[in-house]
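Student: Can you keep this structure in mind? I'll have questions shortly.
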Amino acid sequence: MDRNLRLLGIGVGIRSLGSALYFPFLALFLHSVLSVGYFEIGIIVAGVGVVQLPFSLAGGLLTDRIGRKNLILSGLGSEAVATLGLAYAFELHSLGGAIAAAIVGGSIATASGPAFSAYIADFAVGSERTRGFTWFRIGFNAGYSAGVTMGGLLVATLGFAWAVGLAAAVVGGGALLMLFALDPSPFDRALGIARAPQTRTVTGTTDPPTGSLRQSLSALARDRPAIQVAVGFALGGIFLGQWPITFPLFVHNVLGISYSLLGLGLALNGLVVVFGQSATTEAVLGRRHTTIFILGLALTAVAYLGLGVAGLFLILPTVVFFLAVAVLTFGENLVTIPLSTLPSNLAPPREVGSYNGAFQTIGGVGFLFAVIVGGWVLSLTANPFLIWAFLAAPAIPAVILLRWAARRIPIGADRA
């Protein structure tokens, strides 16, 4: 694997470590410390997400025009500053300040997301591209596993504000590493050559490596199979997106899992990725991305419905909790392969960033519905099994839409 892809994996691992120090415990802090209700938590998270939605598409269009590395560095540095502001808001117990900081930091992180995906796609094609995204995910989850383990202890001993402050320092360190160690991608170099004054002087005109904004938006709007896949991913994401908010609330408040055990369970999620993602990827190479996503949804459903049964009958809740984390993480390992790779495969060569931004924007809509629906279902019924049965419902139309779209996608693009 290219040295730069390894460095990118390390950098995103550092960033993930920082955010994992506090983000998995965010809903618990809002509920337990600031006395925010379940449904209100969903509204707050969704409201922040609504503001951030346009930034995925804007970031995708931007990275095709200013370059991958420039947007990655700007995103990481600005995210560190915004996270520091979030720490200060939590120290003051200011819900308004925390929401404002979360909007700024989340928007910046959202805008830089397509640049990471496009950077990987610039270096690899075919199965090697799938492997490149796999190592990116391994780096992310290695950092996540370490961060969430330390985060549970930091939140319990130092308090939430200090944990967020340390997170800001960690993300800033990742930005410095990327600044000095990461090389421009092939696309970045081509973009620099196309804009060089001497190039224009010698050749007269230079064909830029990307088109106009109008061309990018038109290409996206005309690509119906890609839109169908993106909507299918978003519908599945309404179910998959229960992990960061509904899951910790359910296992702590319904199953009675302590903060410490919750932290260990979240760390197990990261470890299953670190030690299992590569083997999972190799096992499915050559299969359709759409089929891989559907299988991942099925495993996730088994895990979540199992949690519902454990809560309903009080059957070994701690054991079922750890088993469910392992099973749903294998499902997550599967769905991440098409989520990360298929947008780049479907994109025309000059629109890789734009397609990744569009997919992340549509996926963001699914996440918004996930947090709203999750909070609503938790407040709607106390039946543990019905909670997860209701939340699994959007996965059904997702499967139907992806099966339909698969018939119209070029076979080479849909192969892992």
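The values are calculated or read from the model by the stated rules, or taken from the named source; none is laboratory data. Everything numeric in this text was worked out from a predicted model, so none of it was measured. Reconstructed Cβ throughout: ideal geometry from the backbone, glycine too, with neighbour counts over all protein chains shown. All accessible areas refer to the heavy atoms of the entire protein, side chains included, with ligands and DNA or RNA removed. Shrake-Rupley method; radii C 1.70, N 1.55, O 1.52, S 1.80 Å.
Student: Test S258 against the criterion of being over 30 Å from S379 (Cβ atoms), surrounded by fewer than 18 Cβ atoms within 10 Å (Cβ to Cβ) and polar (S, T, N, Q), and give yes or no.
Tutor: So S258 fails the test.
Student: Moving to a separate point now. I'm trying to understand the selection: among the residues of the range 1-35, which are in contact (Cβ under 8 Å) with a residue 40 or more places away in the chain and in a loop (DSSP other than H, G, I, E, B)?
Tutor: M1, D2, L21, Y22, V33, L34
Student: If the requirement is being open to solvent by less than 20 Å² (accessible area, probe 1.4 Å), out of contact with any Cys (no Cβ under 7 Å at 6 or more places or on another chain) and either more than 30 Å from L285 (Cα to Cα) or not aromatic (F, W, Y) (or both), which of these qualifies: A101, A58?
Tutor: Numbers: A58 fails: open to solvent by less than 20 Å² (accessible area, probe 1.4 Å).
Only one candidate qualifies: A101.
Student: Can you tell me which of L312, L299, L323, L305 is in a helix (DSSP H, G or I), among the aliphatic types (A, V, I, L, M), farther than 24 Å from A226 by Cβ and at pLDDT 95 or above?
Tutor: Selected residue: L299, the only one of L312, L299, L323, L305 that is in a helix (DSSP H, G or I), among the aliphatic types (A, V, I, L, M), farther than 24 Å from A226 by Cβ and at pLDDT 95 or above.
Student: Okay, next question. For the range 406-413, check the following and say yes or no: at least one residue is assigned to a helix (DSSP H, G or I) and either modelled with pLDDT under 90 or not hydroxyl-bearing (S, T, Y) (or both).
Tutor: Within the range 406-413, the subset assigned to a helix (DSSP H, G or I) is 406.
Next, only the ones that are either modelled with pLDDT under 90 or not hydroxyl-bearing (S, T, Y) (or both) stay: 406.
Scanning the range 406-413, I find at least one residue that is assigned to a helix (DSSP H, G or I) and either modelled with pLDDT under 90 or not hydroxyl-bearing (S, T, Y) (or both), so the answer is yes.
Student: Among the residues that make up the range 71-93, is at least one of them touching an Asp or Glu at 6+ places or on another chain (Cβ under 6 Å), part of a helix (DSSP H, G or I) and touching a residue at least 24 places away in the same chain (Cβ under 8 Å)?
Tutor: No.
Student: Moving on to the next point. Any residue in the range 369-381 that is surrounded by fewer than 23 Cβ atoms within 10 Å (Cβ to Cβ), assigned to a helix (DSSP H, G or I) and under 16 Å from the mean Cα position of the chain (by Cα)?
Tutor: Within the range 369-381, one or more residues are surrounded by fewer than 23 Cβ atoms within 10 Å (Cβ to Cβ), assigned to a helix (DSSP H, G or I) and under 16 Å from the mean Cα position of the chain (by Cα).
Student: So, in the range 339-357, how many residues would count as being surrounded by 24 or more Cβ atoms within 10 Å (Cβ to Cβ) and over 19 Å from A406 (Cβ atoms)?
Tutor: Number satisfying all stated conditions: 6.
Student: Follow-up question, since we're still on this one. Name, by its number, the condition in (1) more than 15 Å from the chain's Cα centre (by Cα); (2) buried (at least 19 other Cβ atoms within 10 Å of the Cβ); (3) modelled with pLDDT under 85 that does not hold for G106.
Tutor: Only one criterion in (1) more than 15 Å from the chain's Cα centre (by Cα); (2) buried (at least 19 other Cβ atoms within 10 Å of the Cβ); (3) modelled with pLDDT under 85 is unmet by G106, namely (1).
Student: The conditions are (1) open to solvent by less than 20 Å² (accessible area, probe 1.4 Å); (2) closer than 17 Å to G9 by Cβ; (3) in contact (Cβ under 8 Å) with a residue 60 or more places away in the chain, and S112 fails exactly one of them. Which is it?
Tutor: All conditions are met except number (3).
Student: Shifting gears a bit: Is it the case that the range 252-271 has a residue that's at pLDDT 90 or above, in contact with a Leu (Cβ under 7 Å, 6 or more places away or on another chain) and not aliphatic (A, V, I, L, M)?
Tutor: Among the residues of the range 252-271, not one is at pLDDT 90 or above, in contact with a Leu (Cβ under 7 Å, 6 or more places away or on another chain) and not aliphatic (A, V, I, L, M), which makes the answer no.
Student: Sticking with this one: Enumerate the pairs (first residue in the range 118-147 and free of Cβ contacts under 8 Å to residues at least 24 places away in the same chain; second residue anywhere and of a type in the set (A, V, I, L, M) and open to solvent by 10 Å² or more (accessible area, probe 1.4 Å)) with beta-carbon separation below 9 Å, excluding pairs fewer than 6 apart on the same chain, so at least 6 apart or on different chains.
Tutor: Close Cβ pairs (under 9 Å, with a partner that is of a type in the set (A, V, I, L, M) and open to solvent by 10 Å² or more (accessible area, probe 1.4 Å)) amount to E128/M1.
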